Ligand SMILES: Nc1ncnc2c1ncn2[C@@H]1O[C@H](COP(=O)(O)OP(=O)(O)OP(=O)(O)O)[C@@H](O)[C@H]1O
Ligand SMILES: [Mg+2]
């Protein structure tokens with residue numbers, strides 16, 4: 001097991017395309033790091049450079065304390081699990097898992113091979129399937145065989161490239177918890193590429209967000225969600241996505257298309273002399289006023305016309321069209337393209353309590369707490385309300401929780417073994 005350190009890693013492909021533009025990242029020993037970003041942002045390229053399937057154009061890659069830029073993949077002792085896990089159809093599950101051990105001819109006795117395969121099979125609950133052929137397994141079981149292969153190699157780290165994207169939603173959920181459990185149990189450093197929101201938010205100790213080959217922010221899932229550094233991260237993390245509204249500064253008032261917000265002295269300072277900003281509000285920051293009888297202090301209340309509603313059991317989504325401001329429209333369209341979005345930036349989505357009676361075509365009374373509001377620069381997109389101290393606090397808490405949960409997992413293992 002080992003730490004992985006990336007220092008100003010770049011990749012220029014043979015045709016001159018600059019796919020990774022100087023990425024630096026410290027991955028601690030035993031840490032679970034997620035790489036996310038829209039299609040084509042360089043996630044697979046980065047992973048393939050770590051594992052050694054792709055040359056590093058410049059920069060330094062360390063595994064443990066060794067620079068491995070020029071080491072062949074097999075000398076890096078990493079195990080990679082791909083989206084299309086290539087199993088050998090003519091071999092049993094046992095032999096598929098044992099395959100990497102058999103490749104190292106003569107290194108392991110038959111007894112050792114059996115021991116390692118059985119350990120992996122127990123970890124992944126494949127004990128009952130060892131004599132079966134891959135064709136007769138479910139998608140999730142096949143995925144586990146591929147992971148078993150990674151486990152027997154006792155690699156320094158696991159690298160996953162969208163391993164679950166071929167599975168249906170339910171199985172994906174099961175495998176997600178399985179991977180999390182396996183990683184805790186083995187305590188192996190893991191780098192996991194995905195563009196699935198849920199995987200990014202639930203699996204990782206830290207999440208690294210990439211955009212066009214550049215790292216935007218690396219933080220705990222909660223750190224990213226609560227304190228995104230810019231519009232891109234804010235729009236990428238969260239589902240349904242954050243609402244972006246034009247905000248016109250007028251003295252001590254911020255005019256939004258749906259409501260007027262008083263500007264606190266604190267916010268005023270952050271706004272500087274900007275006249276126009278982009279305001280971010282997450283769907284769940286809105287409440288249905290008719291459900292909260294006690295009037296709350298300091299909230300911004302307003303009435304809007306609701307276009308469409310969707311009742312999902314746990315929430316009620318209400319869609320509210322608004323007029324955008326010409327000066328921010330192009331910035332938001334650009335953002336939408338970067339995010340592979342659907343060009344829906346002129347309607348707001350609010351997630352209300354599922355008991356809400358708001359329906360299509362209704363006028364609804366809503367409120368939100370302006371302290372939850374994020375404010376972005378309309379040119380550069382940086383988050384003017386970003387609070388680095390808060391992120392550190394959240395990340396530290398997350399790190400403590402992670403250590404505690406690894407310890408619990410290992411104590412459980414030890415208790416089982418004795
Ligand atoms: N062999 C290659 N030659 C030239 N350009 C390449 C090559 N492989 C990838 N690219 C380009 O590098 C960029 C990053 O590709 P990469 O496969 O790393 O993206 P990704 O983030 O994994 O995307 P996806 O989510 O679609 O898998 C893309 O713009 C792609 O077109
Ligand atoms: Mg990819």
- Take the alpha-carbon centre of segment 50-82, take the same for segment 351-401, and report the distance between them in whole Å. 39
- Task: Just report the Cα centroid separation between segment 85-151 and segment 235-307, whole Å.
- Result: 54
- Message: Please list log₁₀ I(q)/I(0) at q = 0.09, 0.13 Å⁻¹ for the chain, using the Debye equation with identical point scatterers on the alpha-carbon positions.
- Response: -0.66, -1.15
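Does segment 1-73 come out rounded, prolate or oblate, given a ≥ b ≥ c as the square roots of the eigenvalues of its C-alpha gyration tensor, rounded meaning a/c under 1.5 and, failing that, prolate meaning a/b above b/c?
Working: a/c = 1.98, a/b = 1.33, b/c = 1.49.
Taking the square roots of the gyration eigenvalues as a ≥ b ≥ c, segment 1-73 is oblate.
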- Query: What does segment 174-216 give for Rg and for Dmax, in Å, if only its C-alpha atoms count?
  - Reply: 11.5, 34
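For segment 276-325, divide the Cα radius of gyration by the Kirkwood radius and give the resulting Rg/Rh value with two decimals.
Values: Rg = 12.9 Å, Rh = 13.2 Å.
Rg/Rh: 0.97.
As a footprinting exposure proxy, order 46, 271 by other Cβ within 10 Å, with the fewest listed first. Let's see the in-between values first.
Details: 46 28, 271 18.
Fewest-to-most ranking of 46, 271: 271, 46.
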- Message: Can you give me the angle between helix 110-123 and the longest principal axis of the chain, using Cα atoms only, in degrees from 0 to 90, rounded to the nearest 10?
- Response: 20
- With springs only between Cα atoms under 10 Å apart, run a GNM on the chain and tell me which of 324, 309, 292 wobbles the most. 292
- Message: Output the 0 to 90 degree angle, nearest 10, between the alpha-carbon long axis of helix 326-338 and the longest principal axis computed from the alpha carbons of the chain.
- Response: 10
- Using only C-alpha positions, report the orientation-averaged shadow area of the convex hull of segment 332-418, nm², one decimal. 11.2
- Item | Calculated [θ] (222 nm, deg cm²/dmol) that DSSP helices of n ≥ 4 give over the chain, each run adding -39,500 (n - 2.57) | -10000 deg cm²/dmol
- Item | the chain: angle of helix 169-186 to the longest principal axis, Cα-based, in degrees nearest 10 | 60
- Query: Does segment 240-386 come out rounded, prolate or oblate, given a ≥ b ≥ c as the square roots of the eigenvalues of its C-alpha gyration tensor, rounded meaning a/c under 1.5 and, failing that, prolate meaning a/b above b/c?
  - Reply: oblate
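Could you tell me the ratio Rg/Rh of segment 4-226? Both radii from Cα atoms, Rh via Kirkwood.
Numbers: Rg = 17.5 Å, Rh = 18.0 Å.
Dividing the radius of gyration by the Kirkwood radius yields 0.97.
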- What is the log10 of I(q)/I(0) for segment 296-356, computed with the Debye formula using one identical point scatterer on each Cα and no solvent, at q = 0.14, 0.21, 0.26 Å⁻¹? -0.55, -0.96, -1.06
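We did not get these values from a lab; they are worked out from the coordinates using the rules stated. Only a predicted model underlies this, so the values are computations on that prediction, with no experimental measurement involved. Reconstructed Cβ throughout: ideal geometry from the backbone, glycine too, with neighbour counts over all protein chains shown.
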